[in-house]
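Remarks on the structure that follows.
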Amino acid sequence: MARGEVIIDYQICMGCGICVQACPFSYLELSRYGNDPYKRLYPELEADHGCTGCGICAKECPLECITARKKDEKKDVPLS
Amino acid sequence: MKGYTGKILFVNLTTGHIEERTIPDQVYEMLLSGVGLGAYVLYNEIPAGADPLGPDNVLGFTSGLLTGTGSLMTGRWMVVCKSPLTGGWGDANCGGYFAPAIKQCGYDGIFFTGIAEKPVYLLVNNKGPQLKDASHVWGKDATESEEILIAENTVKKKPAVAVIGTAGEKVSLIAGVCHDRGRIAARSGVGAVMGSKRLKAVVLAGSKPIKCHDPQAVKEISQAFAGKVRKQNLPGIVKGGFLPVMGKVMGSMKRVAPLDGMLFASLMKKWGTPMSNGMSATSGDTPIKNWAGSVKDYNRSYYSKINADHVIKREYRKYHCYSCVVGCGGVCNISDIGQGKFTHTHKPEYETCAVFGPLLMNRNLESIFYINELLNRAGMDSISAGHAVAFAMECYEKGLITREDTGGLELTWGNAGAIIKLVEMMIAREGFGDVLADGVKAAARKLGRGTDKYAIHAGGQEPGAHDSRFDPMMGVHYSVDPTPGRHTIGASQYYNMTRLWEKVSWAPAVKIYPKDEEYMATDREALKSVAGACYKQIVDGIGGCLFAQITGVQHWQAFEWLNAATGWNKTPDEYMLIGKRMQTLRQLFNIKHGIDPRTFKMHRRMAGDPPLKEGPLKGRQVPIDAMMKLHWKHFGWDENTGVPLPETVQELGLDQLLQKG
């Protein structure tokens, strides 16, 4: 059961993969197709992830497009 | 807190002893990390005259100084060793995800000496390093081995793996080190050294944080760069057919103007390096028919078959290396080729398409996709392999070898079936394939009969697929670099887009100039080639990507990132001095190992001797001897011998640094 989750702003993300490598549990993967014509892949949590909401991915993201949170904080952060 | 860890791991494969070593800050300030750190360790550790395939050679895997700091397009890792192909300094680099993984294990580099008694691999995770038995993956190809090693070593974090295929195991001198199912650090024969040590793989699963001086400042520079790349998109009406036309224009231009390198980024985003397949064939940039042909031979009925749109037709997703915002790589469906032997392959790079296309007069693109996957799995350098086949085809044409030599293969130009079969034989070291499996220089030596005339190389290494008669500065670097034959060091095209003169006081500024100037041995051209080489060393010290570099220093701000990550506050001129020091150290490595730099001069055909009789390069000749001398002179090396002068070594502080080592 995942205790956390990440929200990625795909308007800013460019699929550089820094967050994927930063995740200490490899829960993030480049697997989401975007809207661009080039078939680029963007990060998302894998299906059976156990994200803890530790925030390492958000801290490492150079484009500052990731928000990480613990599940119990969910009510404080509106989903986009 | 300066972007580097200050530690390396040193593994003796003979004894099994593993130790952690501390590297002084001064080494990073003088040589950065990456290739610079590698040169420092190898210069001190490898005794003069050591056998490249013996226990005294040291094989290193290093990350870049900026890797993992939040900077962009700085995720390349470097493999360093004494090269069995050239007998001197060897390095190769690769993208993917292995470079940050080295640092996440707490090291800037991992070095191996000795020879293991039986096949092993090194596993490093947060608990530390350990050597493990690799006999269950020995004999398997790189992709299959990688998948097995990831599956059996994933606890929390999925490991990053650097692994050799069967070519490295069989100590083919043109073998490389593979990663991420088809990326490869291909050059210098680094895979042969790994195979000679019976080291199958390095498996990294650490998750330690990578710290730098001012991460927020690094991010601000990254955001500015990413914003520019995001906007670089070609209009939808621009199709692949436009590329050969652009090439024709480039090949006929009498004057050259420097372009904004961001245009290059937009081409790369759409097609990746195969954008050059048609463009370079028509401009004269691609060597054709073992460097003896022209676009009159490889005409429209040929190059239109391998043009970029045909390549990306099979691409079902892009591939980004770590920290890359361009994404020039791709993964392609090939399940309909070769009776479905493989389902997919990494998009073949331009170099692979060129050496298995125009260089062999081959227009069968499907065969190129298939060979690409064969080589990626075997871990064999496509540039060298393609040149080896071209060498064999020309020898066959000239009657120097016959079907008796080739085991019945009809090695006529463009015979795709024979090319595939020969590559398979090279990988397996079977029959005539064994003759070619160590590159063209060794093949000509084994065959004799005057075949060396058709062995195209510089100092034992086959050149990249960029014609030095089209860009003579490329030929200078083919001939003077401590790793000869490399297309990634410098060229007029790179120099014009990198625009070093905007930040480096002594780099000659370029506006519009006559193309003929590039063919003249002048101090100005030499200063440009020296500046290009120095900056490339910096790029290889920080883990940078060549394609990021040539967007230009005003966009991809390596100097500014370095100051933000380290807190050093050095000027671009001071960093260029570091680049000069790194390059000089690599040259000193070669001198220590008995290399005469004059012997690295490229094959005479590459300099236009004899000149081509038709095509855009008709009559073009490169005064390579004079150009090499001027390049050496402006590096502070002896202009007649290429040996760094004692005063240069002293000025760069290398005498002190190396004595301390």
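The values are calculated or read from the model by the stated rules, or taken from the named source; none is laboratory data. Just so we're clear, the structure is a prediction, and the values are computed from it rather than from any experiment. Here Cβ is always computed from backbone atoms with ideal geometry, including for glycine, and neighbour counts include all displayed protein chains. Side chains are part of the model used for accessible areas, which takes the heavy atoms of the whole protein and leaves out ligands, DNA and RNA. Shrake-Rupley method; radii C 1.70, N 1.55, O 1.52, S 1.80 Å.
Points worth noting:
- Odd one out for A:Leu79, checked against (1) more than 10 Å from chain B (Cβ to nearest Cβ); (2) modelled with pLDDT under 95; (3) touching a helix residue (DSSP H, G or I) at 6+ places or on another chain (Cβ under 9 Å): (3)
- Identity of the residue in region A:11-27, within 10 Å of the chain's Cα centre (by Cα) and open to solvent by 20 Å² or more (accessible area, probe 1.4 Å), that ends up nearest to the other protein chains (Cβ to nearest Cβ): A:Val20
- Hits in region B:128-163 - residues which are assigned to a loop (DSSP other than H, G, I, E, B) and within 14 Å of another protein chain (Cβ to nearest Cβ): B:Thr154, B:Val155, B:Lys156, B:Lys157, B:Lys158, B:Pro159
- Pairs linking a residue in region B:562-583 that is at positive phi to a residue that is surrounded by 22 or more Cβ atoms within 10 Å (Cβ to Cβ) and of a type outside the set (Asp, Glu), with Cβ atoms under 9 Å and 6 or more positions apart or on different chains, are B:Gly567/B:Cys212.
- Scanning region B:274-296 for residues that are part of a helix (DSSP H, G or I) and out of contact with any helix residue (DSSP H, G or I) (no Cβ under 8 Å at 6 or more places or on another chain) turns up nothing.
- Checklist (1) within 30 Å of B:Asp309 (Cβ to Cβ); (2) part of a strand (DSSP E or B) applied to A:Met14, failing item: (2)
- Subset of region A:28-53 that is of a type in the set (A, V, I, L, M, F, W, C) and modelled with pLDDT of 95 or more - its residue that is farthest from the chain's Cα centre (by Cα): A:Leu41
- Summed over region B:279-306, the residues that are more than 21 Å from B:Leu617 (Cα to Cα) and open to solvent by less than 10 Å² (accessible area, probe 1.4 Å) give a count of 1.
- Residues located in region B:279-330, provided they are charged (D, E, K, R) and out of contact with any Asp or Glu (no Cβ under 8 Å at 6 or more places or on another chain): B:Asp297, B:Arg300, B:Lys305, B:Asp309, B:Lys313, B:Arg314, B:Glu315, B:Arg317, B:Lys318
- Checking each residue in region B:169-192 for being within 12 Å of the chain's Cα centre (by Cα) and either under 10 Å from B:Pro84 (Cα atoms) or without any contact (Cβ under 8 Å) to a residue 60 or more places away in the chain (or both) picks out B:Ser188, B:Gly189, B:Val190.
- Just one of the listed residues (B:Val171, B:Val190, B:Val155) is hydrophobic (A, V, I, L, M, F, W, C), open to solvent by less than 10 Å² (accessible area, probe 1.4 Å), farther than 30 Å from B:Arg300 by Cα and out of contact with any His (no Cβ under 6 Å at 6 or more places or on another chain), namely B:Val190.
- Residues satisfying the stated conditions in region B:307-326, i.e. open to solvent by less than 10 Å² (accessible area, probe 1.4 Å) and under 22 Å from B:Gly464 (Cα atoms): B:Ala308, B:Val311
- Total residues in region B:371-405, condition surrounded by fewer than 24 Cβ atoms within 10 Å (Cβ to Cβ) and among the aromatic types (Phe, Trp, Tyr): 1
- Listed by first and then second residue, the pairs linking a residue in region A:44-63 that is within 13 Å of A:Ile8 (Cβ to Cβ) and open to solvent by less than 20 Å² (accessible area, probe 1.4 Å) to a residue that is aromatic (Phe, Trp, Tyr) and at pLDDT 95 or above, with Cβ atoms under 7 Å apart and 6 or more places separating them unless they lie on different chains, are A:Cys51/A:Tyr27.
- Count - residues of region B:381-423 that are part of a helix (DSSP H, G or I) and within 23 Å of B:Cys353 (Cβ to Cβ): 23
- Odd one out for B:Gly34, checked against (1) on the phi > 0 side of the Ramachandran plot; (2) within 14 Å of chain A (Cβ to nearest Cβ): (2)
- For region A:28-70, filtering for residues that are closer than 12 Å to A:Ile18 by Cβ, within 10 Å of chain B (Cβ to nearest Cβ) and assigned to a strand (DSSP E or B) leaves 1.
- Among the residues listed as B:Lys269, B:Lys228, B:Lys219, the single one being within 25 Å of the chain's Cα centre (by Cα), in a helix (DSSP H, G or I) and within 14 Å of chain A (Cβ to nearest Cβ): B:Lys269
- When the test is whether a residue is charged (D, E, K, R), open to solvent by less than 40 Å² (accessible area, probe 1.4 Å), more than 8 Å from chain B (Cβ to nearest Cβ) and farther than 16 Å from B:Cys324 by Cα, A:Glu5 passes it.
- The set of residues in region B:329-340 being modelled with pLDDT of 95 or more and open to solvent by 40 Å² or more (accessible area, probe 1.4 Å) consists of B:Asn333, B:Ser335, B:Asp336.
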